[in-house]
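Engineer: Got a structure for you, written out below as structure tokens; questions coming shortly.
Values in this text are rule-based calculations from the coordinates and carry no lab data. Small disclaimer: the values here were computed from a predicted structure and weren't measured. Quick reminder, even Gly has a Cβ in these numbers, built from the backbone with ideal geometry, and neighbours come from all protein chains shown.
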Amino acid sequence: MRKQVAYLGPKGTYAEKAAEILSDFANYESPIFVPCKGLHSVIKSIAYKNCDAAVVPIENSVEGGVTATLDALWKFPDLQISQAIVLPIKHALISSGELSDISEVLSHPQALAQCSEWLSEHLPDAILLPTNSTSEAVNMVKGSSFRAAIGSKALVTIEGLKELAFPINDVSGNCTRFVLLSETKVSEAANIASFAFSLLDNQPGALLKALNTIAEFGFNMSKIESRPSKRELGEYIFYVDIAIDKINSIRNFDLLKENLRPLCEHLNDFGCYFSQNINLE
């Protein structure tokens, strides 16, 4: 049966490219790609079993963690990260008008943030308007002489518009990690393990004890960030990535979780998976 893979649509986004690559890596035969309007819709598609898998952004090198994805992983603990790729992100300013006439710029909030310095220098008076996706933004500026959108250069051809500037992202090495979510654990080849935990007691040194436990097992912690628990002020969930290799194996990760659990109110394992960088050029 052909797999249905949800992603943040419509067509022409980096998310669509990520969905194609990750589906290929997962050996899905002729998958059916399901574009969704908004990141929450993508996640609900897999969480409520309307699709077999979903591809979502989880981290950007400029703006950090994608909060909607992180919150969803905590909310739906059955979801597992089975594959990951890192894509280079190069944004274009797209419009039907001319640069000198642009007074409104539309795009996904992450894209707007990743181009904020360029916008403040070249379009300081423009109003920034968030949309559900970069592709949606491009659709909304068709035929407008005063509106522009930030999106993938590929959208210029797809939508029949013109490129006003490229690249416009503030950091040349801008990249985003996309993950393939499913309810199937895949851990045959892994170089990352991701998990999150909330502390049993909000006491001095409680987080340090958890971090010391990770250190005692010799794992290299490549990322840690916090998100509010949304239950009370000052209560946080900690998201962690650790490196998996021959020395610090998946089996050692299982032992680490056993030692962490007595310190945690909740501990969610998002899976051990393989992540790799992709060159789109």
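Engineer: Mean separation of Cα pairs under 8 Å and 6+ residues apart, divided by the residue count of region 192-264: what relative contact order is that in percent? Walk me through the intermediate numbers first.
Structural biologist: Details: 93 pairs, mean separation 32.4, N = 73.
Averaging sequence separation for qualifying contacts and normalising by length gives 44 percent for region 192-264.
Engineer: Just in region 196-281: which chymotrypsin sites (Phe, Trp or Tyr not before Pro) are loop by DSSP and have at most 16 other Cβ atoms within 10 Å? Display every interim value, and only then the final one.
Structural biologist: Working: sites: 197, 217, 219, 236, 238, 239, 253, 270, 273, 274; in loops: 217, 219.
Sparse-neighbourhood loop chymotrypsin sites (Phe, Trp or Tyr not before Pro): 217.
Engineer: Helix-derived [θ] at 222 nm for the chain: sum -39500 (n - 2.57) over DSSP H runs of at least 4, divide by residue count, nearest 500? Kindly include the intermediate steps, with their values, before the conclusion.
Structural biologist: Numbers: 9 runs with 78 residues, N = 281.
Using -39500 (n - 2.57) per qualifying helix, the result is -7500 deg cm²/dmol.
Engineer: Note down the magnitude of the dipole of the chain about its Cα centre, charges +1 on Lys and Arg C-beta and -1 on Asp and Glu C-beta and zero elsewhere, to the nearest 20 debye. Write out the running numbers ahead of the final one.
Structural biologist: Values: 24 positive and 33 negative charges, 122 e Å.
In total the dipole reaches around 580 debye.
Engineer: What are the lysines whose alpha-carbon lies under 28 Å from the alpha-carbon of residue 17, with same-chain residues fewer than 8 places away excluded?
Structural biologist: Reachable lysines: 3, 37, 44, 49, 75, 90, 142, 153, 162, 185, 223.
Engineer: Under unit Cβ charges (Lys, Arg +1; Asp, Glu -1), what dipole magnitude, rounded to 20 debye, does region 91-165 have relative to its Cα centre? Can you show the working numbers first?
Structural biologist: Details: 4 positive and 9 negative charges, 49 e Å.
In debye, rounded to 20, region 91-165 gives about 240.
Engineer: Looking at region 64-136, which GluC sites (Glu not before Pro) are in a loop (DSSP not H, G, I, E or B) and have at most 15 other Cβ atoms within 10 Å?
Structural biologist: Working: sites: 98, 104, 117, 121, 136; in loops: 98.
Of the GluC sites (Glu not before Pro), the ones in loops of region 64-136 whose Cβ has at most 15 other Cβ atoms within 10 Å are 98.
Engineer: Same structure again: List the chymotrypsin sites (Phe, Trp or Tyr not before Pro) within region 25-93 that fall in a DSSP loop (any state other than H, G, I, E or B) and whose Cβ has at most 14 other Cβ atoms within 10 Å. The partial results should precede the final answer.
Structural biologist: Numbers: sites: 25, 28, 33, 48, 74; in loops: 28, 48.
Passing sites in region 25-93 are 48.
Engineer: For region 216-268 and region 33-79, what is the centre-to-centre distance using only Cα atoms, to the nearest Å?
Structural biologist: Rounded to whole Å, the Cα centres lie 20 Å apart.
Engineer: Now for a separate question. Only Cα pairs under 8 Å and at least 6 apart count here; give the relative contact order of the chain as a rounded whole percent. Walk me through the intermediate numbers first.
Structural biologist: Values: 634 pairs, mean separation 64.3, N = 281.
Relative contact order of the chain: 23 percent.
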